[in-house]
Every structure is written in structure tokens, then in C-alpha cells.
Amino acid sequence: MPENSKQKEFDERIAEIYAVVEMRRRNRPLRVDEMDLRHQEFQAMADAFLGENYDRQKLRAVEDFQIELRESQGELLENYQLGGMSAEVYVKLFNDRLGSAFEACERILGQADFVKLFGAKRAELGGFIDKEAFLAAERRDSDKKIITGGSIRGLVTIELQDIYSAENQILQALPQMEEAARTQSLKRVFQKHRQQTEQQVQRLEEVCRLLGIKPEGETCEAMEGLIEEGELLIDELDQGPVLDAALIGAAQKVEHYEIAAYGTLTAMLKAMGEQKAADLMAQTLQEAKQTDELLTQVAEREVNPAATGQQAANNFSSRGHGAT
């Protein structure tokens, strides 16, 4: 290995050691993945929290348990992924082995030093698998595989349910955005968009009826994130041109998500020969594009020029948000 590569690797390892030590200084208990430490990191932690003169044999024994645990859990996961055991059995064995490793470490170190080193009592340490959450996640993955079945119809089902969730979230968010807007033309865009969104939800329900699909599915997490970002802007900014510019930017992100979703659905439905459903989605696609264009016009003609003169007063120029 070239000398500069060795130096880079050494620097990276030192940075990791400091990161682990700093994490513990913030008094946050270690998770199991954070306990998967190399010898240098483990030794750095021990020196920091137990003192340099601590019994090295005890530390080596504890480190050996961590190595054995990592290898054991890796084999366990591989066995589960290959179908060698059920999810319930995997969770039980994983948690049992983790608990046994913690117990052994506490027995070697004593409770007081265990707490010093790992940041919490044995019973309080994280890293255990939540059985119900794990099984629920596995069921969702299984359901998706069953739904798609490798077919375009299955993919359309997921896409329809995703955008149906997204549109309903938008309906709930638009009144707050309208109220926060100061520019009257922007308020009117939001009002019109709310009316259109109600119609778009009805179209989605009609398409699902035509295809024999339930519109309700999982929550659209992408739209959830976009709406949360918009809510954060409303909380952080005073009403005025800069907030209006930020609202336009947030709204256009939503419209671009809709444009991508409805464009995809229109193309897929046409490929399936579902022309009526495709026409309905194409209608919504055009509305999303028109709303995006309206937002751009309001931004360029009114909001952005006003916001440019108000940036310093709003003290928000460093965030980089704004309309296109």
C-alpha cells in the first residue's frame, strides 16, 4: 500500500476513535452497531472512561465477547435471509445472544465499570430488535412483493396508492399555506389548487374503481417530508415577501412530485390498454403543470422582486430557499 494511503487510513481510524469517544462524552448509551468496535476504538474508550491503568486482561475479554457477538449475529442474519428460520425465531435468537453478551461483559467488568464504559446499565442499553416493529416491517415487504408480483399492474397499484396518500396530505396542508401567504395572487393560486386537489382525489378514486384497486395504502413519506419542510418555513419566517418566496419553492416541489407521479401513471396505464384511466391521469398531469407555471409567474412578477428588497429584514438569506 502506498505511504499516502497508509497515512489516510490511519487518519480515518483516528477520526473514528475520536468520534466514539465524543459520542460517549455526550452521555448517550451505545447501540449495538456502535459497539462493533475495532481494538483501537475499544482501547480509546477504555482509556477515556476507565483510566489508562485499568486491567487490560478484563478489557481483552470484553472485546472478545464483542467480536464473537458480531460474528454470531452475522451468521444468524445470513441464515434468516436464506430462509433457514422464521422472523420470530430470528428476533428471539438475536436478542437472546445480545443479552447474554451484555451480561457476560457486566460480569467481567462489574456493574460500576460497565456503566462507565457503555454509558448505561445493562438493562438500559439499546440495540435490541423490537419484535412487533420488525415483524410489521417484514409483513409490509412481503405484501409489496405480493402486490407487484413482477407486473406493471402491481406497480400501478403502488403508484396510485402513493399519490392518493400524497394528495390527501396536500389537501390538509393547503389551508395553512394559504393563510401564511401575504401576496394576494399567491393566496388565489393556493385556493384554486385546493379546489383542483379535491377533484384530483376524486379522479384517483375513479381510476382505482375502474381497475378494481383500493386507493388506501401506505402513507406517502416523500410528501410527508415535503409538507413538513413547508411547515418549518412557516414557523421560522415572518409573513412577508421572503416567506411567500419560500412557500412558492415548497409548493413547486410538491407540484414536481405530482408531475412525475401522474406522468408515470399516464404512461403505464396507456401501456396496459386502460385508456379511460390514462386520460383521467393525463388531465391531472396537465393541471399540475399549469399550477407549477402559475407559481413561477407569481414568483417572477411579484414575490421575488419584493423579497429581494426584504431579505435582510427577514434574516433568512443564508437558508437558500426561494421560488424558481
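Taking the numbered list (1) surrounded by fewer than 22 Cβ atoms within 10 Å (Cβ to Cβ); (2) assigned to a helix (DSSP H, G or I); (3) free of Cβ contacts under 8 Å to residues at least 60 places away in the same chain in turn, Y257 passes all entries but (3).
Hey, could you check region 162-192 for residues that are more than 25 Å from V207 (Cβ to Cβ) and of a type in the set (S, T, N, Q) and say which is surrounded by the fewest Cβ atoms within 10 Å (Cβ to Cβ)? Selected residue: Q184. Taking the criterion of being touching an Asp or Glu at 6+ places or on another chain (Cβ under 8 Å) and of a type outside the set (A, V, I, L, M), the residues of region 168-198 that qualify are Q169, Q176, R182, T183, S185, K187, F190, Q191, R194, Q196, T197. Here D279, D238 are screened, and the one residue that is in the same structural domain as H193 (by TED's automatic domain parsing), in a loop (DSSP other than H, G, I, E, B) and either of a type in the set (S, T, Y) or over 21 Å from C220 (Cβ atoms) (or both) is D238.
Do you know which residues across region 193-220 are charged (D, E, K, R), surrounded by 13 or more Cβ atoms within 10 Å (Cβ to Cβ) and in contact (Cβ under 8 Å) with a residue 60 or more places away in the chain? Selection gives R203, E206.
Kindly state which helices (runs of 4 or more DSSP H) lie completely within region 125-227 and contain at least 3 residues that are at pLDDT 90 or above.
Hits in region 125-227: 152-180, 184-211.
I want to confirm something. Restricting to region 251-271 and keeping residues that are in contact with a helix residue (DSSP H, G or I) (Cβ under 7 Å, 6 or more places away or on another chain) and among the small types (G, A, S), which single residue is nearest to Q286 (Cα to Cα)? Step by step, filter region 251-271, then rank; the result is G263. When region 270-299 is filtered for residues that are touching a residue at least 60 places away in the same chain (Cβ under 8 Å), out of contact with any Asp or Glu (no Cβ under 9 Å at 6 or more places or on another chain) and of a type outside the set (D, E, K, R), the ones remaining, listed by number, are A271, M272, M281, Q283, L294. Residues in region 219-238 that are over 15 Å from M177 (Cα atoms) and in contact with a Lys or Arg (Cβ under 7 Å, 6 or more places away or on another chain): none.
The values are calculated or read from the model by the stated rules, or taken from the named source; none is laboratory data. Since the structure is predicted, the reported quantities are computational estimates derived from the model, not experimental observations. Don't worry about glycine lacking a Cβ; one is built from the backbone with ideal geometry, like all the others, and counts go over all protein chains shown.
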